[in-house]
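*Asks:* Before we start, here is the structure in question, set down as structure tokens.
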Amino acid sequence: MKAIILAAGACERLRPLTDDIPKSLLKIGSKTILDSQIDVFNKLKINPINIIVGYQSNNFSKRKEKLFYNKDYKNNNILESLFCAQPAINGDCIISYSDIIFKKNIVEELLKCKEDISIIVDKDWKKSYINRSMHPYSEAEKVKFDIKNNLIEAGKTINLDDVDGEFIGMLKLSPLGCNIFNKYYEIAKNKFLGKRFYEAESFAKSYITDFLNYLISNNISIKCIKIQGGWMEIDTVQDYNKAQNFF
């Protein structure tokens with residue numbers, strides 16, 4: 001099982017903390033966000049670790065992990081960033097946003113799932129938005145799933161009354177799941193390049209959730225692994241200050 005961590009973004013909402021470093025290298029307590037993730041992966045024998053970098057990429061130059069470069073990070077978004085590491089999207093694979101911190105049990109739950117594509121979903125997601133004025137409900141990557149925990153829809157525009165949880169930015173692919181991701185990414189890019197892609201104004205600006213919706217439209221099953229807290233997203237200075245007490 002390998003890990004791919006998406007760490008290319010420019011982190012505008014964390015300025016001035018991120019004027020000179022990417023947000024994944026900000027410290028939560030004594031460790032960076034990135035190293036807190038890698039510590040969990042190491043404890044669970046998830047390796048190798050691959051990191052996709054872009055903004056302030058020189059800050060990663062001395063790291064031992066495999067680096068992939070998103071040279072166009074200013075103009076694209078998470079989906080395109082992920083596929084900068086396409087050579088690593090094979091075998092058994094965990095994919096994680098770089099701006100989340102989490103407890104080990106969350107990854108353990110994901111590892112238990114035998115489905116080809118599975119995502120972590122927080123059922124108690126609304127609790128993390130209490131007093132989170134700089135990152136409101138509307139920014140959450142919300143999800144709906146059926147009685148068998150199969151994903152029905154994902155994205156920021158789902159009506160709050162219909163939301164079953166929040167996608168935390170972590171998913172797992174089996175070897176077949178990786179093949180599905182690679183196959184449908186190429187199909188979608190050829191079809192939607194320069195066009196709107198679900199919630200995104202263009203394919204280049206699309207999120208993972210846009211791609212999940214595309215997979216669903218092609219009858220690809222995606223399993224939701226339900227959790228209740230035990231993680232945090234660090235997207236604003238407000239989040240960063242709150243996260244200092246997480247561990």
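The values are calculated or read from the model by the stated rules, or taken from the named source; none is laboratory data. In this text, all values refer to a predicted model and were calculated from it rather than measured experimentally. In this analysis, Cβ positions are derived from the backbone assuming ideal geometry, glycine residues included, and neighbour counts consider all displayed protein chains. In case anyone asks, the SASA skips ligands and DNA or RNA and just uses the protein heavy atoms, side chains included. Shrake-Rupley method; radii C 1.70, N 1.55, O 1.52, S 1.80 Å.
*Asks:* Of the residues Leu14, Leu44, Leu34, Leu6, which single one is open to solvent by less than 10 Å² (accessible area, probe 1.4 Å) and modelled with pLDDT of 95 or more?
*Replies:* It is Leu34.
*Asks:* Go through Glu166, Glu115, Glu153 for me and flag whichever is assigned to a loop (DSSP other than H, G, I, E, B), surrounded by 17 or more Cβ atoms within 10 Å (Cβ to Cβ) and at pLDDT 95 or above.
*Replies:* Glu115
*Asks:* Is there a residue being of a type outside the set (A, V, I, L, M, F, W, C), in contact (Cβ under 8 Å) with a residue 40 or more places away in the chain and not in a helix (DSSP H, G or I) anywhere in the range 178-197?
*Replies:* No, the range 178-197 contains no residue that is of a type outside the set (A, V, I, L, M, F, W, C), in contact (Cβ under 8 Å) with a residue 40 or more places away in the chain and not in a helix (DSSP H, G or I).
*Asks:* Another question, then. Conditions: (1) touching a residue at least 24 places away in the same chain (Cβ under 8 Å); (2) over 14 Å from Leu212 (Cβ atoms). Phe145 meets all but one. Number of the miss?
*Replies:* (2)
*Asks:* Restricting attention to the range 46-57, does a residue exist that is part of a loop (DSSP other than H, G, I, E, B) and within 16 Å of Ile100 (Cβ to Cβ)?
*Replies:* yes
*Asks:* Let me ask another. Taking the options Asn70, Asn75, Asn59, Asn90, name whichever one is more than 27 Å from Pro136 (Cα to Cα), surrounded by fewer than 22 Cβ atoms within 10 Å (Cβ to Cβ) and touching a residue at least 40 places away in the same chain (Cβ under 8 Å).
*Replies:* Being more than 27 Å from Pro136 (Cα to Cα), surrounded by fewer than 22 Cβ atoms within 10 Å (Cβ to Cβ) and touching a residue at least 40 places away in the same chain (Cβ under 8 Å) holds for just one of Asn70, Asn75, Asn59, Asn90, which is Asn90.
*Asks:* Looking at the range 208-234 only, could you name the residues that are assigned to a loop (DSSP other than H, G, I, E, B), surrounded by fewer than 21 Cβ atoms within 10 Å (Cβ to Cβ) and either in contact (Cβ under 8 Å) with a residue 12 or more places away in the chain or among the hydroxyl-bearing types (Ser, Thr, Tyr) (or both)?
*Replies:* Answer for the range 208-234, where residues must be assigned to a loop (DSSP other than H, G, I, E, B), surrounded by fewer than 21 Cβ atoms within 10 Å (Cβ to Cβ) and either in contact (Cβ under 8 Å) with a residue 12 or more places away in the chain or among the hydroxyl-bearing types (Ser, Thr, Tyr) (or both): Asn218, Ile220, Ser221, Gln228, Gly229, Gly230.
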